[in-house]
Structure formats: C-alpha cells, structure tokens
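These notes are about the structure you will find just below.
The values are calculated or read from the model by the stated rules, or taken from the named source; none is laboratory data. All values derive from a computational prediction rather than experimental measurement. So basically every Cβ, Gly included, is an ideal-geometry build from the backbone, and we count neighbours across all protein chains shown. Please note that ligands, DNA and RNA were not included when accessible areas were found on the heavy atoms of the full protein model with its side chains. Shrake-Rupley method; radii C 1.70, N 1.55, O 1.52, S 1.80 Å.
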Amino acid sequence: MNTTILRKSVLGIAGLAFAGGLAAGPLHHTTTDTVDARPVAAVQADKADKTAGVDAGKLIPHGVQGAQSRIDLDPEQTANVKAIIAATKKAGLDERAAVISIGTALQESKLENLGHLGDRNDHDSLGLFQQRPSSGWGSPEQITDPEYATTAFLKGLKQVDGWQDMALTDAAQTVQVSAYPDAYAQWEQQAADLVTQHWNNS
C-alpha cells in the first residue's frame, strides 16, 4: 500500500468517527437544571421536612404578607439566629415561635445584639429585640444576653392568645408594641428560611 492510499484510509476512518460522533449527538453536552419555582423557604422547608424533621407546615402557615426584605448575615448574626432557636427549643416551643422571634429580631436589630446607641437609641432599648430596662424587660446585662432576651420575648408571646395562628407581624406587635406595627411582616420569609436552615443544628 502506498502512502497516498494509506493517508486516504486514515482520513476515511477519522471522517467516519467524526460523523458517528455527530450522529450520536453534540461533542459537548449541556444540561439545563430544572428550576423549582416555589419560594426558597418552601423548597428548603420541603427538603428539611423529609430529611431533618422540621415541620414545614408550621413555618409560614398563612403565607407571607407584603413585600419581603432580606439581608446577608455575618457570623455574629448567624450565631444570634442559633441562640434564638436554642432558646426557643429550651422554652419548649416549636418552629413557628422561632420564625416569629427571628422575624422580630430582624426588624428590631437586624439580628445584631445592640448596646446603647446614644442619640440614635430608641429611649433605652437594647439587644436583639430592642427591649427596655425601664419597661421591665430586665437589666441591661440581661437583655443584651441573646438567650435571656429571647426567653423574655417568648414569655410575652406565650401570653398572647392564639399567637400560633396569627400573622407574624400581629404576634410580634402584640409583644413589642412598636410604633411601626406592620414592619415585622417583611422578614417572615427570611426568618422561615433561617429556621429551616438552623433548627436541627442549634
């Protein structure tokens, strides 16, 4: 066999291989992931309900109210989320109580354990829930302790008849008596997402 015939044979085989590859499909496959159109909390809660024991139905029993806000959390804020959840469990309350507590703290302090803010302070409000020593919530040292502050908030929540079936903003407002009673509603989705994420490791 001379070199011309050999070259044609090799090229012919390569051409068949290439044609076979095209017939079988493109050389580079691309995949499109299916996007779940449900809200993040619904997706996460559904997964958690199947694998981690979070009762998804209790997180947002009546859906969120109004436009929702969301912030990125730093390690300190995340630690405060876990402290709120741990205090909620210690108080013998469920995931819904944790959602209400975290949503309230998101509105009051953005989950930052705030000390006295000087002229920017609302009277003598302190801590995650902006509780006031002068209103009987406890000493400054107590209400800047996340566990104590959460326990105090939950004690107030438990005194609200039917809190389990209330919208977050109504339950929170009944305890907090804020000048902005509807402001808590905007944090319900993120609070539910955080409870889903951290309930079983707090």
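3J(HN,Hα) along the stretch 104-112, derived from phi through the Karplus expression 6.51 cos²θ - 1.76 cosθ + 1.60 where θ = phi - 60°, amounts to 5, 5, 4, 6, 6, 9, 6, 6, 9 Hz, with x in place of Gly and Pro. For the stretch 49-202, the orientation-averaged shadow of the C-alpha convex hull comes to 8.7 nm² (one quarter of the hull surface). Here the extension length gained between residue 86 and residue 135 equals 15.1 nm, from 0.36 nm per residue of separation less the Cα-Cα distance. Run the accessible area of the stretch 64-202 with a 1.4 Å probe and give the carbon-and-sulfur part as a rounded percent. C and S atoms contribute 47 percent here. When each of the peptides 76-85, 171-180 is scored by the mean number of other C-beta atoms lying within 10 Å of its residues, the order from highest to lowest reads 76-85, 171-180. Each Lys or Arg adds one and each Asp or Glu takes one away; over the other residues whose Cβ falls under 14 Å from the Cβ of residue 138, this sums to -2. Near residue 65, once Lys and Arg are set to +1 and Asp and Glu to -1 for all other residues with Cβ below 12 Å from its Cβ, the sum equals -3. With K and R counted +1 and D and E -1, the other residues having a Cβ less than 12 Å from that of residue 170 yield a net charge of -4. Placing +1 on the Cβ of every Lys and Arg and -1 on the Cβ of every Asp and Glu, with nothing else charged, gives the stretch 97-202 a dipole about its Cα centre of roughly 120 debye. A straight chain from residue 164 to residue 180 at 0.36 nm per residue would run longer than the Cα-Cα distance by 3.6 nm.
Cross-linked pairs 58/110; 82/158; 58/89; 110/155; 89/155: Cα-Cα separations exceed 18 Å for 58/110; 82/158; 110/155. Once the 1.4 Å probe is applied to the protein heavy atoms, the stretch 64-200 comes out at 45 Å² accessible per residue.
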